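The next block holds one structure in the form of structure tokens; read it before the comments.
The values are calculated or read from the model by the stated rules, or taken from the named source; none is laboratory data. Every value quoted in this text rests on a predicted model; they were computed, and no experiment measured them. Neighbour counts run over all protein chains shown; Cβ positions are idealised from the backbone, glycine included.
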Amino acid sequence: MAELATPFSRLGGYFTQVLAVADAEFRKLRHDPSELFTRALQPAIWLLLFGQAMARARGLGPADVPYLDFLAPGILAQSVLFSAIFYGIAAIWERDLGVLHRYMVSPAPRTALVLGKAAFSGVRSLSQALIVYLLTLALGVRVSLAPQDILGAALMIVLGSALFSTFSLNVACIVKTRDRFMGIGQVLTMPIFFASNAIYPIDLMPTWLKIVSQANPLTYEVDALRSLMLKGAASAYGLATDALILIAFAAVFTLTAARLYPRLTS
């Protein structure tokens, strides 16, 4: 029994360390809850201004789907991306304040530190999702309120946020300074967003951009959110495929961030 208990106790200890890191991130958020409100402004502006204006244009979305309906899941994914892609700057702040050095000397595995931060980023993104859902309902978007669809969308949002936040940590570990990080983050967000199916179908793209879009993890997050968020919508790739691709990207970024993390302190 002791031999069987050891692996389970180690696994339990590992997840305890992940939750401890996530809890430390939540404590910082409680000191500035207004951050959640300010991060919700961007998707609201996109839906109210861009969405309402471009809904009058023809040919941007599928013929049988109102453009605002087509756009809503893409804007939800965009808000998650824009929030998570700058998450790495928090690690640079932690280094400058000396917090990161305490993490580095703790017995917690590096992957537990990265996963704890990714878990917090994922849960934080749900507050943005709630605001986008409420706004789309107010705008008349055909949102599915089936419990299984809402739960599935929440899981995809958490997974997407975790993916891009771990990618952000990789960037932070490489550039190491706040100014460089902000510049690179701003450069990365637009290509990732526009080289996806967030605001127009992939069929409208030139061939080279279609290839880029197929390699873009945001494409699969948007695809999953459309099938879960909209009534009668179907996934182009299959929900299982979308989830597996997002998990694979998140796993790779987690492992590379864990390997690079100690370099941030040097």
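Miscellaneous remarks
- Subset of the range 166-176 [touching a residue at least 24 places away in the same chain (Cβ under 8 Å) and either part of a helix (DSSP H, G or I) or not basic (Lys, Arg) (or both)]: Thr166, Phe167, Ser168, Leu169, Asn170, Val171, Ala172, Cys173, Ile174
- When Val158, Val123, Val171 are screened for being under 30 Å from Leu239 (Cβ atoms), in contact with a Phe, Trp or Tyr (Cβ under 9 Å, 6 or more places away or on another chain) and surrounded by 20 or more Cβ atoms within 10 Å (Cβ to Cβ), only Val171 passes.
- Qualifying residues in the range 183-201 (those that are surrounded by 15 or more Cβ atoms within 10 Å (Cβ to Cβ) and among the aliphatic types (A, V, I, L, M)) - the one farthest from Gly238 (Cα to Cα): Ile184
- Only one entry in Leu145, Leu113, Leu137, Leu163 is under 16 Å from Phe249 (Cβ atoms) and either at pLDDT 90 or above or in a helix (DSSP H, G or I) (or both), namely Leu163.
- Residues in the range 215-228 that are within 29 Å of Leu135 (Cα to Cα) and either more than 16 Å from the chain's Cα centre (by Cα) or surrounded by fewer than 15 Cβ atoms within 10 Å (Cβ to Cβ) (or both): Ser227, Leu228.
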